[in-house]
Amino acid sequence: MSNEITINKKELIEAIEEKSISDIIKPLVSEIHLFDTFIAGTTYLEDQSVLDDVAVGDKLSLKREENKFDDKAIIILDPSNRKLGYIPEKDNIVFSRLMDAGKLLICKVTDLENHGSFRKISIGIYLVDY
């Protein structure tokens, strides 16, 4: 049949052997933009100097947190796993449900604004899809 898909196993193995597994999987990963918001709770950080290292374009981690004030709390961590703040409580219900269902969410810094001693860090939230 002329419409059959044929796989040359030797060429496939050679293509795979020349690349690491992350090179093979990486093209299959997509980041789906879900929402724009800001980092809440930055004024309550014990060490505010952590905010000085944040730059536009940074990818930040999200992690669920047991919190007596908010049972849907999601903390935002920098690449060194230092706490930067939270997803605002008014925005976290859907994201906490996604994370509790095993979905990987990240955020990216989109803007930095200084308002006196307060620094507003705007972020985009993304679903990492494989």
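Residues in the range 75-81 carry Karplus couplings, in order, of 8, 10, 10, 7, x, 8, 6 Hz; the curve used is 6.51 cos²θ - 1.76 cosθ + 1.60 with θ = phi - 60°, and Gly or Pro positions show x. Taking amide H as placed 1.01 Å from N in the peptide plane, the amide H of LEU45 sits under 5 Å from none that are at least 5 places away or on another chain.
Bear in mind that the values in this text are calculations on the coordinates, not laboratory data. Note that this is a predicted model, so its numbers are computed, not measured.
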